[in-house]
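Chemist: Provided herewith is a single structure, encoded as structure tokens, for subsequent inquiry.
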Amino acid sequence: MESEPATPRDAALAQDRPLLAVLRGERRDPPPVWLMRQAGRYLPEYRALRAEKGGFLELVNDSAAAAEVTLQPIRRFGFDGAILFSDILVIPHALGQNLWFEAGEGPRLAPRLVDHALGGLAAVPERLDPVYETVRLVRAQLPAATTFLGFAGSPWTVATYMVAGQGSREQAEARRLAYRDPAAFQAIIDAIVAATVDYLSGQIAAGVDAVQLFDSWAGSLAPAQFERWVIAPTVAIVEALRARHPHTPIIGFPKGAGGKLPAYARETGVDALGLDETVDPHWAHRSLPEGLPVQGNLDPLALITGGEALDEAVAAIRAALAGRPHVFNLGHGILPDAPIAHVERLLALLRSR
């Protein structure tokens, strides 16, 4: 596929959209802000729509409803970024696993990819079509100053669900398979990489401005395993996407990576790096490549607590990361019991100079 040429519109978007400008290396004061899981259960309008649709997966696959959910926090708060409403497990679903959600227990996938079950799957790429339609619908309604973020799960994290058939605290089944039969596990990773490149490319073609790779379980791996199952697949995705869409920023978010973050930043080639709440932002500023945009990293519980705890945490993060391009965000997703008044307070703190 030919590379897309730069256009005058690209330059205009970087000027007009603060978050996109920061992802491309500019420093902005105040920093642009969005929150992971900002379209979700803490919003009464989201809860009402989900109840009407009957469940999470039904909401994801209803493009008009998913677009509405994506836009709800933009209308209420005016965040600088809108994050596509979907789920990282649409990729296993498109690769041929069955996907459903057990009430109160979370997602389930079948058949589990133990031994050589990957070969028994038949890909169903059209299962992703509702997501692309959601992107098109949001793009048509999004305010001009708002950056539109697409996303996918990173291969390691997605593989942990595909192998175990559900989420697991220590990702033990995937880790065991990776040690016991690295060739079989590599085949799973390779399938996820190929599907993710096409999926993110489809989101970009439909209208997102940037994409984020969520590696929620990156922190569970030993260093050598981290290199093979987190860094190497991320390199493959970044290089393939950059060949197709050289002007689309890619955010990497390897949650729990800790001291392995500098290596991830240097080796993967991501355009920006998400920091979880356990990362010292002063250390991050000293240790990461100079000028690399970072995103984060307010503790979601500080947001819930509010008051002085919130005020002090916001001030500390801004001071620590003032010397580089910074997108303000949480260190992980906003929690369902986050008070709306505290989100409003956060935005007031950020937007008062």
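The values are calculated or read from the model by the stated rules, or taken from the named source; none is laboratory data. This structure is a prediction, so every number in the text was calculated from the model and none was measured. So basically every Cβ, Gly included, is an ideal-geometry build from the backbone, and we count neighbours across all protein chains shown. Just so you know, the surface numbers come from the protein's heavy atoms only, side chains and all, with ligands and any DNA or RNA stripped out. Shrake-Rupley method; radii C 1.70, N 1.55, O 1.52, S 1.80 Å.
Chemist: What does the C-alpha gyration tensor say about the overall shape of the range 39-135? Classify as rounded when a/c is under 1.5, otherwise prolate if a/b is larger than b/c, or oblate.
Modeler: Prolate shape, in that a/c is at least 1.5 and a/b is the bigger ratio.
Chemist: So, one more: Can you classify the chain as rounded, prolate or oblate using the Cα gyration tensor, where a ≥ b ≥ c are the square roots of its eigenvalues, rounded means a/c under 1.5, and otherwise it's prolate if a/b beats b/c and oblate if not?
Modeler: Judged from the Cα gyration tensor, the chain comes out rounded (a/c under 1.5).
Chemist: How charged is the neighbourhood of Glu290? Take every other residue with its Cβ under 12 Å from the Cβ of Glu290, and add Lys/Arg as +1 and Asp/Glu as -1.
Modeler: Summing Lys/Arg as +1 and Asp/Glu as -1 gives +3.
Chemist: To continue, here is another question. About the Cα centre of the chain, what is the dipole size in debye to 20, counting +1 per Lys and Arg Cβ and -1 per Asp and Glu Cβ, all else neutral?
Modeler: Dipole of the chain, to the nearest 20 debye: 340 debye.
Chemist: Give me the 1.4 Å probe accessible area per residue for the chain, excluding ligands and nucleic acids, in Å².
Modeler: 40 Å²
Chemist: For the chain, which whole-number percentage of the solvent-accessible area (1.4 Å probe, protein heavy atoms only) is attributable to carbon and sulfur atoms?
Modeler: 52 percent
Chemist: Projecting each Cα onto the charge dipole of the range 8-91 (Lys/Arg +1, Asp/Glu -1 at the beta carbon, about the Cα centre), which of Gly78, Gly55, Pro31 comes out farthest on the positive side?
Modeler: Toward the positive end, the furthest listed residue is Pro31.
Chemist: Right, something else. Give me, ordered by chain and number, the residues 5 or more places off Asn297 or on other chains with an amide H under 5 Å from its own placed amide H.
Modeler: Asn329
Chemist: Can you give me the angle between helix 340-351 and the longest principal axis of the chain, using Cα atoms only, in degrees from 0 to 90, rounded to the nearest 10?
Modeler: 60 degrees
Chemist: Report the one residue of Ala178, Ala218, Tyr132 whose Cα lies farthest in the direction of the positive end of the charge dipole of the chain (charges on C-beta: Lys and Arg +1, Asp and Glu -1; origin at the Cα centre).
Modeler: Positive-most Cα among the choices belongs to Ala218.
Chemist: A further question on this structure: Counting pairwise Cα distances across the range 16-68, what percent come out greater than 19 angstrom?
Modeler: Everything past 19 Å amounts to 46 percent.
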